[in-house]
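All remarks here apply to the structure that follows.
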Ligand code: ADP
Ligand code: MG
Ligand code: ZN
């Protein structure tokens, strides 16, 4: 089998998780054997399910490190999905490569920019090695234009603040501020 890597990227609320779920569900209609993974730290909505902001859900395996995918990988699996892939370290890049080289279809979704608008590693590396790249846009909640940035609303001084409700909103380039703004 020929494997490949698909990356779905964009800001928060841009529909990355919805699109990942859509692709995985279509693979299941096609009788493909799928496994979906997500970082354990993302337990916002559910411990084991991938959940979109619009409440679409998909069963997944929570893992702490990307290499754990190899421990869980069933021999018959043909499609691997990973949500919130930016929460894994740089080693997720070689894990995706290895899976694709084995002939698996690898579909990953993640934030391409952090809350200050900087590239969110390892997304630049994944975008570079992927066969297919989809960049999604949300709607700016300030002006209504297409939004490619995630505005942090609370100051926690860290790069990773898992999106508790009200912690982030979608903003366009013009309305985004690198410093957190009170809503
Ligand atoms: P992501 O995984 O990129 O954060 P989700 O797939 O979880 O996004 O959610 C996308 C959904 O969020 C949209 O289909 C819509 O129902 C909802 N939504 C809420 N706020 C916005 C916004 N500002 N722009 C676009 N969609 C939004
Ligand atoms: Mg998501
Ligand atoms: Zn705007």
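Data overview
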item: Close pairs from region 114-142: first in contact (Cβ under 8 Å) with a residue 40 or more places away in the chain, partner assigned to a helix (DSSP H, G or I) and within 16 Å of ligand 1 (Cβ to nearest atom), Cβ under 7 Å, at least 6 apart; result: 123/86; 126/85; 133/127; 134/19; 136/16; 136/19
item: Residue match in region 71-83 (condition: in a loop (DSSP other than H, G, I, E, B), over 17 Å from residue 136 (Cβ atoms) and either modelled with pLDDT under 95 or within 12 Å of ligand 2 (Cβ to nearest atom) (or both)); result: no
item: Where a residue in region 1-30 is within 12 Å of residue 82 (Cβ to Cβ) and its partner, wherever it lies, is in a helix (DSSP H, G or I) and near ligand 1 (Cβ under 9 Å from one of its atoms), with Cβ under 7 Å and at least six apart; result: 8/16; 8/19; 8/20
item: Which numbered condition residue 107 fails, given (1) at pLDDT 95 or above; (2) more than 23 Å from residue 32 (Cα to Cα); result: (2)
item: Answer from 19, 68, 47 - the residue that is more than 15 Å from ligand 2 (Cβ to nearest atom) and closer than 25 Å to residue 97 by Cβ; result: 68
item: Positions within region 84-104 being in a loop (DSSP other than H, G, I, E, B) and in contact (Cβ under 8 Å) with a residue 40 or more places away in the chain, in sequence order; result: 84, 88, 102, 103, 104
item: Test result for residue 128, near ligand 3 (Cβ under 10 Å from one of its atoms) and either at pLDDT 95 or above or not in a loop (DSSP other than H, G, I, E, B) (or both); result: no
item: Selection from region 105-119 of residues that are more than 25 Å from residue 46 (Cβ to Cβ) and outside any strand (DSSP E or B); result: 116, 117, 118
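The values are calculated or read from the model by the stated rules, or taken from the named source; none is laboratory data. These numbers were taken from a predicted model, which means no experiment stands behind them. Counting neighbours? That spans all protein chains shown, and the Cβs are built from the backbone with ideal geometry, glycine included.
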